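A.B. asks: Have a look at the structure that comes next, please.
The values are calculated or read from the model by the stated rules, or taken from the named source; none is laboratory data. These numbers come from a predicted model, not from an experiment. All Cβ positions, even for glycine, are placed from backbone atoms using ideal geometry, and neighbour counts span all protein chains on display.
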Amino acid sequence: MKHNTSIRRKRLYITILKYCVLILISLLLLFPFYWMVITSLKSSTQIFVFPPELFPRHITFENFTELFNHMKFFRYLWNSLLVSCVNSFFIVLISGITAYAFAKIRFAGRNIIFIFFLAGLMVPVEVITVPLYFMLGKIGWVDKLRSLMVPTIFGSGGVFGLFILRQFFITIPDDLCEAARIDGCSHLGIVFRIVMPMAKSAIATVVIFTFANCWNEFFQPLIFLSSQSNYTLPLGLAMFSDEGGTKWHLVMAASTLATIPLLTVFYMCQDKFIDSMAMSGIK
Amino acid sequence: MERKRRGLTLKQRTNLTGYAMISPMAIGYILFMITPVVVMIYLSMTSYTLLKPPKFIGLDNYVKLFTNDPTFLDTAWNTVYFTLLFVPLNMLICLGLALLMYKNFKGVGFFRTILFTPYVTSMVAWAIVWKYLFQTDNGLINVVMGWFGLDPVNWLYNEKAAIPISVVVTLLKGLGMNTVIFISALMDVPQIYYEAASLDGAGSWSRFKNITLPMISQSIFLALILTIIGCFKVFAQIYVMSKGGPATSSYVFVYYIYVTAFRYFKFGYASAISTVLFLIILVLTAIQWAVRKKWVFYET
Amino acid sequence: MKKLISLLLILMMALSLCSFGTIASAEGAPAKDYGGATIRVSMWGDNTRKDLFEGLFEAFEKEYNCNVEVEVYAASEYATKVLTETAGGNGPDVVWLTERYYPMFADAGFLADMNALMTDEEYKFDDYSVSLANNYIKDGNLTAIPFTANPIALFYNATLFKNAGLETPLELYKKGEWTVSKMIECASALTDKATGTYGLSLVQTVDPTNWPTLLNFIWAEGAEMFNDDTTKCLINDEAGIAALQKYYDLMFTDKTCVVPGEMISFESGQLAMYPGNFSEGANYQNVDFEWDCITVPANDAGELTNIVGVALYGVLNTSKNTEAAVDVVKYITGEKMQQELSGIFVPTRESLKNSDEFLNKTEKMPTPDARKILYLDVFAANTRVYPATTNWNEVNEAGKQIFDKLYTGNAAPADIAAEFESTFNALLG
C-alpha cells in the first residue's frame, strides 16, 4: 500500500511539473502576440512611456485608421488571397491528374519519370530564384502576380502535391477505377468523379499546406514584385516596417492585421492544419 | 483518329494516355524547375551583371568564392554556427516536449495548438515583434532585465548576439513542427514493449534508452536532416531583424545571394553562390533518402 | 445596314472629339497629341505620393492626350527594381534618381538626353542653379533635371536647450558661433544619463547605417573620405584617424553621442540633436516639445560646408516614347508644378526658392529662419554632393560594414581607417 501511494505521489509531481513546463512555454510563445496586439492599441505617446505599460490604461484604434493611409492593407490582403487560392486550386487540379496517371495507369517508364519529378523536392525555391528572376524578366513576368503562381504550381508546390496525392491514390482499389472504365468513363472522368471525391482528406492536406506556404512566402515576393499595388501581405509588412522605423505602434498594428487572417483559419481547423503541416515534414 | 487508335496495341494506348495526362505537369516542371537549375549553372559561369550581358568566364566565380571572398567565408561560417546552435537545441526541446505530450491528458490539444501557433504565423511578423522586444531603448527584454538590476544590452547591434538572437527567434517559431513529428513517432511505438520491460524491472531511463530511442531513431534522423536543411534556407528573420549586420555577423547563404544579385546586380556571382547552396542541400537530401530507403527495407 | 450606320456614327463622334481636342488646346501652348500612349513614371514613396502626382498629371494627360501612370516603390528597393526592370527591357519611361544612383544609370547608357529643355524658352532652364545642373550635363547632353536639393538639416529639441539654460543653435548661428566644437559642448551639457537623454546623434535616426551623413563631420575635422572623383579613399591619414577617433570618443568615452543601432527617436524627446532631411519635420508636428532645424555647424575656422542630397528626373532611352517622356519631365519640373510641390519638395528653381511664399511658409515648425539658413545661406556658403560611383551599392555596403565595426566597439579607429582604405580602394580601383 505504502509503495502504491509513493508511486501515486510521484505521478502527481510529474503531472504538476509537466503542466508547469507546458504553461511556461505557452506563455513564452503567446506573449509576443499579446505584446503585438497591445502595442497596436497604444497611442504614439504611450509607446515612449518608461517602463512600458504591460496593461495599457487607454486603448485606441487610431493606429489602424492611420495605418490605412500608409499601407494598402486590403490590396495586399487581396493579392495574398489570390495567389494562395489560385495556387491551391491549380496544384490540386494539375498534380491530381498527374498523380492519377502515376498511380493508376501502367505506362512505360512511369517509375523513372516519377523519380524525375520527385527530384524537384531537392531544389529549394531560394536556390532557383535568381535564375528564375532572369527568365521571368525575359518574358516580362517580373512584377506580375503570376510570377508567384506559375513557377510554384509547376515547381515546388506542384511536386509536393503530386507526391502526397499519388501516395493516397495508390490506396484506392484498382477495381473501382476499372469498373468505371468498363462503364465508359474516361480517365479524366474517373479523376473528378471517383478518385478526387475519395481523396478529400489528402486534398485538404495539399490545400492547407499550399495555402499556408504561399500566404507566408516572403523571399519570392520580395524579389519578383516591385509595385506596391502588387505586394503580398508579408512583403507589404516588411517594407512598411523598414520605413516605419520607430513608429512601433503602427508597425505592430500592421503586424497584427497581417497575422489575424491565417491564424483565424488555423484556429478553425487546427487538427487538420497541424496534421497537414506535419505531413510536409515527413515527405 | 478512331482508326489510328485501333491500330495501336493496348500497351501503346496505355502509354499514350499516361503521357498525355502527365504532359501538362511535365512541361511546366521542365520549364520552371529544371530550366532554372540549368540556367543557374550556366549563369554561375558568366560575369553577368544586370548592366552588362553575360560573358563566359569558366569557373572564375567559384575560384573567387573559395579563395578571395572573405564575406563568403563569413557567410558559410555564420550558417554553420547557426546550424550548430539551432539543431541540437531544437531536437532536444522538441523531443522533451513530445515526451511530455504524447500520452493523452487534459488540455493536450490546447497545448499542441499553442505550440503550433507561431509556426503558422508569417516569419516576417514574428521577427518584427521580436525585433521590438529586443530594442535597446524601452524594449521589453531590457526592461525585464532592469528589474533584476542588469544593464540594458544593445541586442540588435552586437556582433556576438546577432546569430544567437536569430536562433532563439527561429527556435521559438518552429518548436511545434518537430514536436508533432516526434509525438506521432512516439505514439507508433507498440505499448507491449514497455509492458515487457516493466515486468523485467527496467527503470524509466533505461526504458527510454533501450526502447523509445531506437524505435523513434528514424524519425529523429529524418527530422534532423530536414532541420539542417531549414537552417541553410534562413532568410526572412535576417532580413527583418539585422539585414546581415552588424558588419557581416549575420550574413547567411540566402541573404548573401539576395545582396549579391539584387543589391550589387552580380547575377553571375549570385548564381555561383546559389549553386554551392544547391549542392549542399542536394547532398543532405540524398543522405536523407538513402537512409530512409535502407530503413524501409529493414522494416519489411 | 444598322451596323454600318452605327459605325458611321461612331466615326463621326470620334472625329468631332478630335476636332474639339485641337480647339481646346489651341488656346494654350501648341500641345501635341500622343494618341493615348501610356507614359510610366517611377518614383519612391507611398500611395499618398502616388495619388498626389496622379492628380497633378491629370491636366497634362488631357492636354497631350496620353496616360501618365505613376508607380511608387519602397525607397530601399527602388534602385534595384527600376534597374532590373530596365535591364529586362521592361522599364518605365520617366524615373526619379538620387545623385547616388545617377552614375549607375548614366554609365549603363540608360539615360536619354533632354536637350530640348535647355533651349525651351517657356521652360526657363536657366532658373536652375548652374552649379547643380552642370553635374548632369554629360558631353553637352542634359541627362537629368535636379528637382530638389536638400542639405542636411540638424534637428534640435529647443525645449531641452532652454531648460538647460543654453543658447539655442539658432541664437549661436546668428552670433556666428555655430561650430562643431560648440555643438559638442552643447551635446555634452544636454546628455543626461538619469533620464536617458543623449545630446547628439551624428547619423540619421531612421537610418543609422546611412554613413555618408557622417561626411559633414569628417570634413569639418579637416579630413576627406574620398578624392574628388571618388576613385581613391583618403581617410587613412592623420586627420582622418583623428576624426574617427573623435567620433569614437563621443560615443564610447564621453557617451554624449548615440551609438547607431540604439534607435533613440527624436519624437521621444530624449535626443537633443540629430542630422536628417528637412522633410522629416512633417513627422514632428504633434510632439510635446519645441524644436527647429538648422544647418550642420561650421568647422572651428568658421567655414561652413554641408552635403546636399539631390533628387532627379531622368528619361530612360529604353522608353518607346522618349519625346512624350521628356514632355512629362518638362511639365512636372516646370515652374507651375514646382511651385505646386514646393511644400513637399524644396524647389531648386532659384525664383521659387527665393520667393516669400516658400521662405515664409506658415507652419509651426521649422521656423522661417531655418528655411533661410538651409536653403539660402548654405547654398551661398559651400555645398558638396554625395560621393557616387557606378558600383555605389557595393561601396555603400562595404562602408556600412566597416562602420559597424566601429559602432560595436570591436576595432580601433586607426584599424578602421586602414580597413576603409584597403576595402574602398579595392572597390574603386
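A.B. asks: For C:Phe420, are the conditions met, namely being in contact with a helix residue (DSSP H, G or I) (Cβ under 6 Å, 6 or more places away or on another chain), touching a residue at least 60 places away in the same chain (Cβ under 8 Å) and within 10 Å of chain B (Cβ to nearest Cβ)? Working first, answer last.
C.D. replies: On the way: in contact with a helix residue (DSSP H, G or I) (Cβ under 6 Å, 6 or more places away or on another chain): yes; touching a residue at least 60 places away in the same chain (Cβ under 8 Å): yes; within 10 Å of chain B (Cβ to nearest Cβ): no.
No.
A.B. asks: Look through C:Leu428, C:Leu374 and report the one residue that is under 17 Å from C:Ile294 (Cα atoms), hydrophobic (A, V, I, L, M, F, W, C) and away from chain B (no Cβ under 14 Å). Walk me through how you get there before you give the answer.
C.D. replies: On the way: C:Leu428 fails: under 17 Å from C:Ile294 (Cα atoms).
Matching residue, one of C:Leu428, C:Leu374: C:Leu374.
A.B. asks: C:Gly281 versus (1) under 16 Å from C:Ile152 (Cα atoms); (2) away from every other protein chain (no Cβ under 14 Å); (3) not in a helix (DSSP H, G or I): which is the lone unmet condition?
C.D. replies: Of the numbered conditions (1) under 16 Å from C:Ile152 (Cα atoms); (2) away from every other protein chain (no Cβ under 14 Å); (3) not in a helix (DSSP H, G or I), the odd one out for C:Gly281 is (3).
A.B. asks: Test of understanding: among B:Ile211, B:Ile229, which residue is surrounded by fewer than 18 Cβ atoms within 10 Å (Cβ to Cβ), more than 12 Å from every other protein chain (Cβ to nearest Cβ) and among the hydrophobic types (A, V, I, L, M, F, W, C)?
C.D. replies: Numbers: B:Ile229 fails: more than 12 Å from every other protein chain (Cβ to nearest Cβ).
Exactly one residue qualifies, and that residue is B:Ile211.
A.B. asks: Against the definition (surrounded by fewer than 18 Cβ atoms within 10 Å (Cβ to Cβ), without any contact (Cβ under 8 Å) to a residue 12 or more places away in the chain, away from chain C (no Cβ under 14 Å) and within 17 Å of the chain's Cα centre (by Cα)), how does B:Leu171 come out, yes or no?
C.D. replies: On the way: surrounded by fewer than 18 Cβ atoms within 10 Å (Cβ to Cβ): yes; without any contact (Cβ under 8 Å) to a residue 12 or more places away in the chain: no; away from chain C (no Cβ under 14 Å): yes; within 17 Å of the chain's Cα centre (by Cα): yes.
So B:Leu171 fails the test.
A.B. asks: Which condition number does B:Leu156 fail, the rest of (1) surrounded by 19 or more Cβ atoms within 10 Å (Cβ to Cβ); (2) in contact (Cβ under 8 Å) with a residue 12 or more places away in the chain; (3) within 30 Å of A:Phe273 (Cβ to Cβ) being met?
C.D. replies: (3)
A.B. asks: Continuing with this model, one more query. Restricting attention to region C:348-393, which residues are among the small types (Gly, Ala, Ser), part of a helix (DSSP H, G or I) and either over 18 Å from the mean Cα position of the chain (by Cα) or over 27 Å from C:Asn157 (Cα atoms) (or both)? Please lay out each step first, then the result.
C.D. replies: Step one: of region C:348-393, the residues among the small types (Gly, Ala, Ser) are C:351, C:355, C:370, C:380-381, C:388.
Now drop any that are not part of a helix (DSSP H, G or I), which leaves C:351, C:370, C:380.
The answer is C:Ser351, C:Ala380.
A.B. asks: Here is a further query. Tell me, yes or no, whether region C:71-90 has at least one residue that is surrounded by fewer than 22 Cβ atoms within 10 Å (Cβ to Cβ) and away from chain A (no Cβ under 14 Å).
C.D. replies: No, region C:71-90 has no match at all.
A.B. asks: Which residues, taken from region A:51-63, are surrounded by 13 or more Cβ atoms within 10 Å (Cβ to Cβ), within 14 Å of chain C (Cβ to nearest Cβ) and modelled with pLDDT under 85?
C.D. replies: Correct list: A:Pro52 only.
A.B. asks: What residue, of B:Arg292, B:Arg207, B:Arg263, is among the basic types (Lys, Arg) and closer than 21 Å to B:Asn78 by Cα?
C.D. replies: Numbers: B:Arg292 fails: closer than 21 Å to B:Asn78 by Cα; B:Arg207 fails: closer than 21 Å to B:Asn78 by Cα.
Sole residue among the options that is among the basic types (Lys, Arg) and closer than 21 Å to B:Asn78 by Cα: B:Arg263.
A.B. asks: Let me ask something else about it. Quick one: in region C:314-351, of everything that is of a type in the set (Ser, Thr, Tyr) and buried (at least 23 other Cβ atoms within 10 Å of the Cβ), which residue is modelled with the lowest pLDDT?
C.D. replies: Taking region C:314-351 first, the residues of a type in the set (Ser, Thr, Tyr) are C:318-319, C:322, C:331, C:333, C:342, C:348, C:351.
Those left that are additionally buried (at least 23 other Cβ atoms within 10 Å of the Cβ): C:333, C:348.
Working: C:Thr333: 92, C:Thr348: 88.
The extreme case among them is C:Thr348.
A.B. asks: Then there is this: Would you be able to say whether some residue in region C:203-210 is surrounded by fewer than 19 Cβ atoms within 10 Å (Cβ to Cβ) and closer than 26 Å to C:Phe420 by Cβ?
C.D. replies: Kept after step one, since they are surrounded by fewer than 19 Cβ atoms within 10 Å (Cβ to Cβ), are these residues of region C:203-210: C:207, C:210.
Now restrict to residues that are closer than 26 Å to C:Phe420 by Cβ: C:207, C:210.
Looking for residues that are surrounded by fewer than 19 Cβ atoms within 10 Å (Cβ to Cβ) and closer than 26 Å to C:Phe420 by Cβ, one finds at least one in region C:203-210, hence yes.
A.B. asks: Mind listing whichever residues of region B:117-136 are part of a loop (DSSP other than H, G, I, E, B), facing another protein chain (nearest Cβ under 9 Å) and more than 27 Å from B:Ile225 (Cβ to Cβ)? Walk me through it before giving the result.
C.D. replies: Step one: filter region B:117-136 for residues part of a loop (DSSP other than H, G, I, E, B), giving B:121-122, B:134-136.
If we keep only those that are facing another protein chain (nearest Cβ under 9 Å) as well, we get B:121-122, B:135-136.
Within region B:117-136, B:Gln135, B:Thr136 meet the criteria.
Table: residues versus (1) in contact with a Leu (Cβ under 6 Å, 6 or more places away or on another chain); (2) closer than 30 Å to A:Thr232 by Cα; (3) within 14 Å of chain C (Cβ to nearest Cβ).
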residue	(1), (2), (3)
B:Lys52	no, no, yes
B:Ala76	no, no, no
B:Phe86	no, yes, no
B:Phe110	no, no, no
B:Leu115	yes, yes, no
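A.B. asks: Now for a separate question. Starting from region A:88-108, keep only residues that are within 7 Å of another protein chain (Cβ to nearest Cβ) and within 16 Å of B:Gly28 (Cβ to Cβ), then list their pairs with residues that are assigned to a helix (DSSP H, G or I) and among the β-branched types (Val, Ile, Thr) whose Cβ atoms are within a distance under 6 Å, requiring at least 6 positions of separation or different chains.
C.D. replies: The qualifying pairs are A:Ile97/A:Val191; A:Thr98/B:Ile22; A:Ala101/B:Ile22.
A.B. asks: Now, a different point. Within the group C:Leu97, C:Leu111, C:Leu154, C:Leu166, which residue is surrounded by fewer than 20 Cβ atoms within 10 Å (Cβ to Cβ), more than 30 Å from B:Gly146 (Cα to Cα) and touching a residue at least 24 places away in the same chain (Cβ under 8 Å)?
C.D. replies: Values: C:Leu97 fails: surrounded by fewer than 20 Cβ atoms within 10 Å (Cβ to Cβ); C:Leu111 fails: surrounded by fewer than 20 Cβ atoms within 10 Å (Cβ to Cβ); C:Leu154 fails: surrounded by fewer than 20 Cβ atoms within 10 Å (Cβ to Cβ).
Checking each option against the conditions leaves just C:Leu166.
A.B. asks: Does region B:261-268 contain at least one residue that is assigned to a helix (DSSP H, G or I), farther than 30 Å from C:Phe105 by Cα and touching a residue at least 24 places away in the same chain (Cβ under 8 Å)? Please lay out each step first, then the result.
C.D. replies: In the first step, residues of region B:261-268 are kept if they are assigned to a helix (DSSP H, G or I); the result is B:261-262, B:267-268.
Adding the requirement that they be farther than 30 Å from C:Phe105 by Cα leaves none.
No, because not a single residue in region B:261-268 is assigned to a helix (DSSP H, G or I), farther than 30 Å from C:Phe105 by Cα and touching a residue at least 24 places away in the same chain (Cβ under 8 Å).
A.B. asks: How about region C:369-405: which of its residues are within 27 Å of C:Val259 (Cα to Cα) and charged (D, E, K, R)?
C.D. replies: Matches in region C:369-405: C:Arg384, C:Glu394, C:Glu397, C:Lys400, C:Asp404, C:Lys405.
A.B. asks: Still on this structure: Output the number of the condition that A:Glu66 fails; it satisfies all remaining conditions of (1) charged (D, E, K, R); (2) within 13 Å of chain B (Cβ to nearest Cβ); (3) surrounded by fewer than 17 Cβ atoms within 10 Å (Cβ to Cβ); (4) under 30 Å from C:Tyr73 (Cα atoms).
C.D. replies: So A:Glu66 meets the others, but not (2).
A.B. asks: For region B:238-260, which positions are within 17 Å of the chain's Cα centre (by Cα) and either within 8 Å of chain C (Cβ to nearest Cβ) or outside any helix (DSSP H, G or I) (or both)?
C.D. replies: At the first step, the residues of region B:238-260 found to be within 17 Å of the chain's Cα centre (by Cα) are B:238-239, B:250-257.
B:Ser250, B:Tyr251, B:Val252, listed by residue number.
A.B. asks: As an exercise: evaluate C:Glu122 against (1) among the acidic types (Asp, Glu); (2) assigned to a helix (DSSP H, G or I); (3) assigned by TED's automatic domain parsing to the domain that holds C:Glu99 and give the number of the one condition it does not meet.
C.D. replies: It is condition (2) that C:Glu122 fails.
A.B. asks: Right, another one. If you go through region A:145-167 one residue at a time, how many are without any contact (Cβ under 8 Å) to a residue 40 or more places away in the chain and farther than 30 Å from A:Asn230 by Cα?
C.D. replies: 1
A.B. asks: May I ask you to verify whether C:Phe420 is in a helix (DSSP H, G or I), in contact with a Cys (Cβ under 8 Å, 6 or more places away or on another chain) and under 17 Å from C:Gln245 (Cα atoms)?
C.D. replies: On the way: in a helix (DSSP H, G or I): yes; in contact with a Cys (Cβ under 8 Å, 6 or more places away or on another chain): yes; under 17 Å from C:Gln245 (Cα atoms): yes.
Taking the combined requirement at face value, the residue satisfies it.
A.B. asks: Condition first: more than 7 Å from chain B (Cβ to nearest Cβ) and touching a residue at least 60 places away in the same chain (Cβ under 8 Å). Now tell me which residues in region A:122-140 satisfy that.
C.D. replies: A:Val125, A:Thr129, A:Tyr133, A:Leu136
A.B. asks: Same structure, new question: Taking helices (runs of 4 or more DSSP H) that fall entirely within region B:137-235, which contain at least 2 residues that are over 21 Å from B:Leu100 (Cβ atoms)? Before you say what the answer is, go through the steps one by one.
C.D. replies: Details: elements: B:140-147, B:162-187, B:191-199, B:204-207, B:213-232.
Ranges flagged: B:140-147, B:162-187, B:191-199, B:213-232.
A.B. asks: Are any residues in region A:216-248 surrounded by fewer than 23 Cβ atoms within 10 Å (Cβ to Cβ) and modelled with pLDDT of 90 or more, and if so, which ones?
C.D. replies: Within region A:216-248, A:Phe218, A:Phe219, A:Gln220, A:Asn230 qualify.
A.B. asks: If a residue must be at pLDDT below 90 and either within 17 Å of B:Leu277 (Cα to Cα) or of a type outside the set (Phe, Trp, Tyr) (or both), how many such residues does region B:245-263 contain?
C.D. replies: Going through region B:245-263, the residues at pLDDT below 90 turn out to be B:245-247, B:262-263.
Subsequent filtering for residues that are either within 17 Å of B:Leu277 (Cα to Cα) or of a type outside the set (Phe, Trp, Tyr) (or both) retains B:245-247, B:263.
Selection size over region B:245-263: 4.
A.B. asks: Going through B:Thr71, B:Thr67 one at a time, which residue ends up being among the β-branched types (Val, Ile, Thr) and touching a residue at least 12 places away in the same chain (Cβ under 8 Å)? Let's see the steps before the verdict.
C.D. replies: Values: B:Thr67 fails: touching a residue at least 12 places away in the same chain (Cβ under 8 Å).
None of the others qualify; the one that does is B:Thr71.
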